[in-house]
Amino acid sequence: MSKIIVHECRPEVFQEIVPLENLFLSAIRPHLYIHNAPAGDIKLRLTDGNDKLISESTGIVLTTLKSLAFAHGYYTFDLNTPLAKGLTYRLYFTGFNGYSFSESAYVGVCKDWDSEKTTQTYLHNDGTNAPLDFETWVKEGSNVRILDFSDAFESTAEPTQGLVTASGFLLFATDAAYVTNKGSAAVSGDAYYNTTFNRLRVHDGTAFRYSEFIYQPETTTNILNNQAAAVNLETSDTDATALAFDGASYEKVLINYKLERDDDLPTNLAETGTVQIRYADGTWEIEREFEGEDAGVVFSVDQTGSVGTVQYTSTNFTGGTYTSKLKYEVDTLKA
């Protein structure tokens, strides 16, 4: 009989990780314990040292992970993102979409305690101080070749090469160019470096996707006072262009912002936060988290076809000399 020590998701837990080398993280397989039949889903989120989202897995319905009332095991969550040597990351295991902890039904992450797979070299590796137990799946690339060799031990014909070279990924300007070079249809796990956008492209079984967020520089704009009806968030205080994204090109958008609003009463409010919009099943969805004072601005997304436009409403500052400043930066994940 094995003993398991479980860190309950209420609704989430996290583990800090520090890669010992540059790597491409394909998936995480956490050791989960599922108690009875908790409602909702579970997903994994990976953030950087500033708790800024880097990658997020698809959610899995908890009741589909087992058939009996009580179960524990390893379950795969795809992340597909590069990690840098020596940087600190946070790996969150999050219950959502109707999940709520209760003593009678919950999910938790097991600690690496009783059945250790390897000898541990870190401190606090016993009992409740043990780290969370999970496996990492890493895509090799920098020193690996995949070669298709003819059916013999010797050949006069040079073998054809797979998706990586001795120094990195194969380079192509388009998905079609990759498929032409391969000589057959792309399948899940195929990858190449896109020289048009200078980004890694990974096939998910349906289509090629960009594997990481694309950063856009910080910009500054104004928030109008007393806007009861939603108005477009503009790209800057000198450009009336609306901040909009086409779901055909973008799967997810993160907007990290700092907002300040003032008048001469004086009323002074400031907050920092993140707005996340996601295009899923033909619909743009929006979530927001912030710290500090509530500055009286509500963000929303207006959809026309596949295009989502970021909008906002604002409360009324009744004093004179109203001023506002919204600084934000955008990270986009291409479809």
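The table below lists the values:
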item	result
Test set (1) touching a strand residue (DSSP E or B) at 6+ places or on another chain (Cβ under 8 Å); (2) within 25 Å of Val330 (Cα to Cα); (3) surrounded by fewer than 17 Cβ atoms within 10 Å (Cβ to Cβ) - Tyr92 fails condition number	(3)
When residues of the range 38-62 are limited to those that are small (Gly, Ala, Ser) and in contact with a Lys or Arg (Cβ under 9 Å, 6 or more places away or on another chain), the one farthest from Phe77 (Cα to Cα)	Gly49
The range 248-275, subset buried (at least 18 other Cβ atoms within 10 Å of the Cβ) and polar (S, T, N, Q), residue modelled with the highest pLDDT	Thr274
Thr64 over 30 Å from Phe290 (Cβ atoms), surrounded by fewer than 14 Cβ atoms within 10 Å (Cβ to Cβ) and out of contact with any Leu (no Cβ under 7 Å at 6 or more places or on another chain)	yes
The range 31-57 - residue that is surrounded by fewer than 16 Cβ atoms within 10 Å (Cβ to Cβ) and either within 9 Å of the chain's Cα centre (by Cα) or small (Gly, Ala, Ser) (or both) and, of those, modelled with the lowest pLDDT	Gly49
Output for the range 293-311, where each listed residue is assigned to a strand (DSSP E or B) and out of contact with any Lys or Arg (no Cβ under 9 Å at 6 or more places or on another chain)	Ser300, Val301, Asp302, Gln303, Thr304, Val307, Gly308, Thr309, Val310, Gln311
Single unsatisfied condition, Asp263 versus (1) farther than 19 Å from Ile54 by Cβ; (2) without any contact (Cβ under 8 Å) to a residue 40 or more places away in the chain	(2)
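The values are calculated or read from the model by the stated rules, or taken from the named source; none is laboratory data. Keep in mind it's a predicted model, so treat the numbers as computed, not measured. Positions of Cβ are generated from backbone atoms using ideal geometry, with glycine treated the same way; all protein chains shown enter the neighbour counts.
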